[in-house]
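Colleague: Supplied in structure tokens, the structure appears directly below.
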């Protein structure tokens, strides 16, 4: 059994969606491919969407794409045909009832709101003691290996950003 990121159908679904084809268009295209191969046409909008969400990141990693976020392509409805939720107000609702009130700066609760978003620093001695344990030492090695494995992909991505042309990571590594 092949891995999901190696499945040509999954790769085609991701490619079509990245070209901004609608979910229905992808379903029709994929079912047409299956019809031509003499296979059952059982793709639905939900199945195509599920395959994209589950396998899109894996396919991007396999291709060496940096910064792929499936959320950029996940919306189901055509945004031009539907109003955003914030514009839908029922006649019985009152404006400013606090249920969906937008938070404003300067309300005095910034510290509480930012509490979970700020990295908590450890004291130097606590860091040293933690990193000397076997578990943290192994995790440190794993973190360094992960960064090293992605290093030349990141360099190639930065070259693409600076120059506007894609260079293979291996070519950058050899030249450096």
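Colleague: As a test of understanding, state the convex hull volume per residue of region 1-76 from its alpha carbons, in Å³. Write down the numbers at each step before the final one.
Modeller: Values: hull volume 6.6 nm³, N = 76.
It is 87 Å³ per residue.
Colleague: Between residue 146 and residue 29, what is 0.36 nm times their sequence separation minus the Cα-Cα distance? Round to one decimal in nm. Each step should come with its number before you reach the end.
Modeller: Details: separation 117, 0.36 × 117 = 42.12 nm, distance 3.74 nm.
Working it through step by step, the gained length comes to 38.4 nm.
Colleague: Now for a different question. What FRET efficiency, computed as 1/(1 + (r/R0)^6) with R0 = 22 Å and r the Cβ-Cβ distance, is obtained for residue 162 and residue 19, rounded to the nearest 0.05?
Modeller: On the way: r = 26 Å, r/R0 = 1.17.
Plugging the Cβ-Cβ distance into 1/(1 + (r/R0)^6) gives 0.30.
Colleague: Jot down the radius of gyration and Dmax of region 120-176, Cα atoms only, both in angstrom.
Modeller: 16.9, 46
The numbers here are math on the coordinates, done by the rules we state, and not lab data. Note that the structure is predicted; figures quoted are calculated from it, not measured. Glycine gets a Cβ as well: all are built from the backbone with ideal geometry, and neighbour counts include every protein chain shown.
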